[in-house]
Amino acid sequence: MTASPITDVARRLLANVDAGRPDHAAGILEVPVRDYLDPQRFERELDVVFHRSPLLVALSCDVAEPGDFTTLDIAGRPIVVMRGDDGVVRTFLNACRHRGASVADECFGHARRLTCPYHFWVYDTAGKLVGVTGPEGFEGMEVEGLIEYPTAERAGAVFAVLTVGATFDVDEWLGDMASALEMLQLDKLHRYDVETRLPSGSWKATADGYVDGYHLGYLHRSSIGARSITNRNTYDTWGPHVRIGFANKPIVEMRDTPAEEWDLYEAMSLVHFVFPNVSLSGQPDRSIMFSRILPGPTVGECTVSQYQYFRQPLVDDAAIAEAEAKRARYEAVTYEEDFLTVMGIGRRMPAMADDVVRFGRNEIGNQTIHTWIDRLLQTSGD
Ligand code: FES
Ligand SMILES: [Fe+2]
């Protein structure tokens, strides 16, 4: 099975608009509020969901050429993702094998070698230690290179498990999400190199916003939800991953036109949520808003990092100005509308700790990610 094409999603959206309802789950899901608050559960989530499950650590276009690398810190794991001279992308712990200094600092960069700034030990693009200053002082040392995490590249993205020696099957993990991501042509994107980094509350309450089609025409009614017909969403789930379709108002004018001829950008919006922490908002042939949720030091804090990707490199001032304006607009919406709401929920949760959060039949995305977090915790064996 492969994921259905976007035109099928559009057809289903129009059917939902006509029926006056979104796709529905079998029942309501209740999640204990304590699950959002418990520091011990949070530590287990970091271990099981972020350190022992595959994570999307880069888009292929971020490390397109040998020597390209990107660095990030996910749940206490500072990593560098680098394409080797052999074309293979690898993920390393960003810590020198001498005394642990970081070997790469730029968020995105290119290098023939990674040289640790502390005592100038040198690693090649495959992470191999190829130079030690004052080598006579380290005779007999048995270190081959940087600590490496299992990594696989699929569907224009790079996935890694941030545990040494873990095994994972990326095809099994993604299922048909792989074909959904392939439609987005993530390997053919160009990043606008300005990051938006924003604070939010609990990582799960923040993720709840990214998989929630229901709130668009309410919380965002004056901004990104203005052209939406709210709560008529389609949901496709593949394992823990979710593709959410949003109906836009012009879709009803396309009723008498074959779906193949629709202007899909006008008719609908599309979000792919790659479990557990990456949202890709956008359509094939269009720009993509990339958001990554990074759990914070405590259960009630996270950071969201956002980048815009375009189908063409941004070469002229007008294109850059347009990207910057879009970035600023999106920053305002996500911080002032989504994340302030999430942080407000976080302030209330201790007082409602004995209650539950309710996910309706229309909240399939939320039901999916919470069911999977529970499942992973239960099957983790500890
Ligand atoms: S810590 Fe890297 S060379 Fe010393
Ligand atoms: Fe939102």
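The values are calculated or read from the model by the stated rules, or taken from the named source; none is laboratory data. Values in this document were obtained by computation on a predicted structure and should not be read as measured data. Here the Cβ positions follow ideal geometry from the backbone for every residue, glycine too, while neighbour counts run over all protein chains shown. Calculation scope for accessible area: heavy atoms of the full protein, side chains included, ligands and nucleic acids excluded. Shrake-Rupley method; radii C 1.70, N 1.55, O 1.52, S 1.80 Å.
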- prompt: Tell me, how many Å apart are the Cα centres for the stretch 242-317 and for the stretch 183-218?
  reply: 8
- prompt: Considering only protein heavy atoms and a 1.4 Å probe, what is the carbon-and-sulfur percentage of the accessible area of the chain?
  reply: 51
- line: Descending accessible area (1.4 Å probe), largest on the left, turns 212, 354, 316 into 354, 316, 212
task: Binning at 10 Å from 0, report for the stretch 138-263 what percent of all alpha-carbon pair distances ends up in each bin.
output: 9, 23, 36, 18, 8, 3, 2, 0
Dipole of the stretch 1-112 [Lys/Arg +1, Asp/Glu -1 at C-beta], most positive-end residue of 48, 111, 14: 48
- prompt: Nearest 20 debye, what's the magnitude of the dipole of the chain about its Cα centre given +1 on Lys and Arg Cβ and -1 on Asp and Glu Cβ?
  reply: 760
message: Give me, ordered by chain and number, the residues 5 or more places off residue 145 or on other chains with an amide H under 5 Å from its own placed amide H.
response: 129
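What's the ranking of 136-149, 319-332, 226-239 by average number of surrounding C-beta atoms within 10 Å, highest first?
226-239, 319-332, 136-149
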- prompt: Per-residue ellipticity at 222 nm for the chain, helices alone: DSSP H runs ≥ 4 residues times -39500 (n - 2.57), over residue total, nearest 500 deg cm²/dmol?
  reply: -7000 deg cm²/dmol
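May I ask you to derive the FRET efficiency for residue 260 and residue 311 from their Cβ-Cβ distance with R0 = 22 Å, giving the value to the nearest 0.05? It would help to have the intermediate numbers written out before the result.
Numbers: r = 21 Å, r/R0 = 0.96.
Approximately 0.55, to the nearest 0.05.
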- line: Scalar couplings 3J(HN,Hα) for the stretch 189-199 by Karplus 6.51 cos²θ - 1.76 cosθ + 1.60 (θ = phi - 60°), nearest whole Hz, x for Gly and Pro, are 9, 10, 7, 7, 7, 10, 7, 9, 10, 10, x
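How many Å² of accessible area per residue for the stretch 55-167, probe 1.4 Å? Walk me through the numbers on the way to the answer.
Working: 4960 Å² over 113 residues.
Accessible surface, normalised per residue, equals 44 Å².
From the P(r) of the stretch 1-61, can you give the percent of Cα pairs sitting at distances over 16 Å? Kindly include the intermediate steps, with their values, before the conclusion.
Numbers: 1327 of 1830 pairs.
The answer is 73 percent, as a whole percent.
Under a Cβ-only charge scheme (Lys and Arg +1, Asp and Glu -1), can you give me the dipole magnitude of the stretch 142-214 about the Cα centre, in debye to the nearest 20? Please report the intermediate quantities before stating the final value.
Values: 5 positive and 14 negative charges, 81 e Å.
Charge dipole of the stretch 142-214: 400 debye, to the nearest 20.
Under Stokes-Einstein, with the Kirkwood radius over Cα pairs standing in for Rh, what whole-number D in µm²/s applies to the chain at 37 °C and 0.692 mPa s?
Values: Rh = 22.0 Å.
This corresponds to a translational diffusion coefficient of 149 µm²/s.
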task: Kindly write out, for the stretch 361-367 in residue order, the coupling ³J(HN,Hα) from the Karplus curve 6.51 cos²θ - 1.76 cosθ + 1.60 (θ = phi - 60°), rounded to whole Hz, with x marking Gly and Pro.
output: 4, 7, 10, 5, x, 5, 4
message: How much of the pair distance distribution for the stretch 55-167 lies past 18 Å, counting alpha-carbon pairs only, in percent?
response: 45
- line: Sorted by chain and then number, the residues having a modelled amide H within less than 5 Å of the amide H of residue 355, at least 5 places away or on another chain, are 33
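Take each of the peptides 96-102, 153-159, 183-189, average the number of other beta-carbon atoms within 10 Å over its residues, and list them starting from the highest.
Details: 96-102: 16.0, 153-159: 21.0, 183-189: 19.1.
The packing order, highest mean first, is 153-159, 183-189, 96-102.
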field: Between the stretch 336-352 and the stretch 41-63, the alpha-carbon center distance in angstrom
entry: 24
Size descriptor, Kirkwood hydrodynamic radius, that averages inverse alpha-carbon separations across the stretch 273-382, Å: 16.9
- prompt: When the solvent-accessible surface of protein heavy atoms is calculated with a 1.4 angstrom probe, in what order do 35, 47 fall, highest first?
  reply: 47, 35
- request: For the stretch 224-373, report the accessible area per residue in Å² (1.4 Å probe, heavy atoms, rounded to an integer).
  value: 42
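Using the Cα centre as the reference, give the magnitude of the dipole from point charges on the C-beta atoms of the stretch 1-148 (Lys, Arg: +1; Asp, Glu: -1; all else neutral), rounded to the nearest 20 debye. Let's see the in-between values first.
On the way: 15 positive and 23 negative charges, 54 e Å.
Approximately 260 debye in magnitude.
Please state, rounded to one decimal and in Å, the Kirkwood hydrodynamic radius that the stretch 21-98 gives when every pair of distinct Cα atoms enters the mean of 1/r.
15.7
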query: In sequence order, what are the phi-derived ³J(HN,Hα) couplings for the stretch 314-319 according to the Karplus relation 6.51 cos²θ - 1.76 cosθ + 1.60 with θ = phi - 60°, rounded to whole Hz, with x for glycine and proline?
result: 7, 9, 9, 4, 5, 5
statement: Beyond 20 Å, the calculated P(r) of the stretch 87-150 holds a percent of Cα-Cα pairs equal to 21
